[in-house]
1. Please count how many residues of segment 25-67 are of a type in the set (A, V, I, L, M, F, W, C) and over 12 Å from the mean Cα position of the chain (by Cα).
2. Residues in segment 54-68: is at least one exposed (fewer than 10 other Cβ atoms within 10 Å of the Cβ) and in a helix (DSSP H, G or I)?
3. Scanning for something modelled with pLDDT under 85 and in a loop (DSSP other than H, G, I, E, B), does segment 15-38 turn up at least one residue?
4. Which is loosely packed, with under 10 Cβ neighbours inside 10 Å, acidic (Asp, Glu) and free of Cβ contacts under 8 Å to residues at least 60 places away in the same chain, of Asp15, Asp39?
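The values are calculated or read from the model by the stated rules, or taken from the named source; none is laboratory data. Just so we're clear, the structure is a prediction, and the values are computed from it rather than from any experiment. FYI the Cβ positions are ideal-geometry reconstructions off the backbone, even for glycines, and counts take in every protein chain you see.
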Amino acid sequence: MSFFRRLISDEDGQDLIEYAFLCLFVALMTVAGWMAIRDAMTGTYAALDTHEQDIWRPADPPSAGGGGGS
């Protein structure tokens, strides 16, 4: 039982665990932020691509047989 009391009251290595939790938190927030940015960027580029595809449309081909030739 004294081992557990010593283990609980011992503060050696406490900073290391706190820094590990801080790094874990920063990593999780980075991944979550990247996922949100990725979705926004995908939507923006898809809309831009659609807009660029709609800018130019080829002219309709001339109708056949309506011209006055010889």
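1. Qualifying residue count for the region: 12.
2. Going through segment 54-68, the residues exposed (fewer than 10 other Cβ atoms within 10 Å of the Cβ) turn out to be 54-68.
Filter once more, keeping what is in a helix (DSSP H, G or I): 54-55.
Yes, segment 54-68 contains a residue that is exposed (fewer than 10 other Cβ atoms within 10 Å of the Cβ) and in a helix (DSSP H, G or I).
3. No, that holds for no residue.
4. On the way: Asp39 fails: loosely packed, with under 10 Cβ neighbours inside 10 Å.
Of Asp15, Asp39, the one residue that is loosely packed, with under 10 Cβ neighbours inside 10 Å, acidic (Asp, Glu) and free of Cβ contacts under 8 Å to residues at least 60 places away in the same chain is Asp15.
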